[in-house]
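> Below is the structure I would like to discuss, written out as structure tokens.
The values are calculated or read from the model by the stated rules, or taken from the named source; none is laboratory data. Everything quoted here is computed from the prediction, not taken from an experiment. Please note: Cβ atoms are built from the backbone with ideal geometry, for glycine as well, and neighbour counts cover all protein chains shown.
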Amino acid sequence: MNHLKTYILLAAMTALFGAVGYMIGGTGGMLIALVIAAAMNLFAYWNADKMVLSHFRAQPVEANHPDQRVRAYVQDTLSMAERAGLPAPRVYVIDNAQPNAFATGRDPEHAAVAATTGLLGLLSREEIRGVMAHELAHVKGRDTLTMTVTATIAGAIGMLANFAFFFGGNRNPIGSILIMILAPIAAALVQMAISRAREYEADRIGAEIGGDPAALASALRKIEGYARQRINEPAERNPAMAHLFIINPLAGRGTDNLFSTHPNTQNRIAALMKLAGRFAPQANEPDAGPWGDRRRGPWG
């Protein structure tokens, strides 16, 4: 289903580019636009995850990392992936003060997860496990392809407004004005369409993978509070990627509304706490983490 959704998004982007090309340059413009769209589709399918990781300057880390905190993060993530029956994902760290995380990749065999230094410093080991279980749920649900390609498509749709403004005004000014108005709205609707339901589902599946819904709920509460106080500059420069993160990285957007990319955090926490009674703590997992503090990580 998620692959079908991705193909529909790619087809929609192709059609939109073709329509704009025709508006700007007639039949010739449409053909050129279709060629460009086809090339973008192929590139997005195979390389969108690399673009996302590069945009946020994510650095790969291994299970033998010298930093104890990073080492625990990697080891726990790989352990949960194995328990969930997933191939080992590539694990990254982003040097960013805002606590946040995301998953990307076209399928579980090519998946990557990333957490910011702000997240590793703020949360306890149990809470970090809860967050990464949520990201692994996106991988397990095979919606990382849709999420990652949509980030590319949403950005491309937004660019159409500028393209129409600079090159289409003389030929069809009314059409160009409509594109300027509708293209950003279309980009927001594309993001909204895939964001809210999948976050609730990833919370649920993540609770099953990590075995501790309360830890994920606690993590969401902390991340929501601190994320509003830390500006994520790369996310602000490219808001089309906001829906990738576990908590909206854009400043001042924390509530449900037509164009929000994430559900209300309090609603997510409430749903997780309803699940908490069904789960017992994992007997083979440490209670306090390598730094012995359930409440905060050592970087806070």
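> Of everything in the range 89-117 that's assigned to a strand (DSSP E or B) and among the small types (Gly, Ala, Ser), which residue is farthest from MET147 (Cα to Cα)?
My answer is ALA115.
> Now a separate question. Is it true that some residue in the range 238-261 is surrounded by fewer than 17 Cβ atoms within 10 Å (Cβ to Cβ), in a loop (DSSP other than H, G, I, E, B) and at pLDDT 80 or above?
no
> If only one of LEU123, LEU86, LEU78 is surrounded by 24 or more Cβ atoms within 10 Å (Cβ to Cβ), at pLDDT 95 or above and not charged (D, E, K, R), which one is it?
When all the criteria are applied, what remains is LEU123.
> Further, regarding this structure: Can you find even one residue in the range 280-289 that is of a type in the set (A, V, I, L, M, F, W, C), buried (at least 22 other Cβ atoms within 10 Å of the Cβ) and either modelled with pLDDT under 50 or farther than 26 Å from MET51 by Cβ (or both)?
Within the range 280-289 (the criterion being of a type in the set (A, V, I, L, M, F, W, C), buried (at least 22 other Cβ atoms within 10 Å of the Cβ) and either modelled with pLDDT under 50 or farther than 26 Å from MET51 by Cβ (or both)), the answer is no, since none of the residues qualifies.
> Could you tell me whether ALA202 is assigned to a helix (DSSP H, G or I), modelled with pLDDT of 90 or more, among the hydrophobic types (A, V, I, L, M, F, W, C) and within 16 Å of the chain's Cα centre (by Cα)?
yes
> If you don't mind, there's one more thing I want to ask. Taking only pairs six or more apart or across chains, which ones have beta-carbon atoms under 7 Å, a first residue in the range 70-81 that is over 13 Å from ALA133 (Cα atoms), and a second residue that is surrounded by 21 or more Cβ atoms within 10 Å (Cβ to Cβ) and not β-branched (Val, Ile, Thr)?
Cβ pairs passing all conditions: VAL70/LEU120; ALA72/ARG125; ALA72/GLY289.
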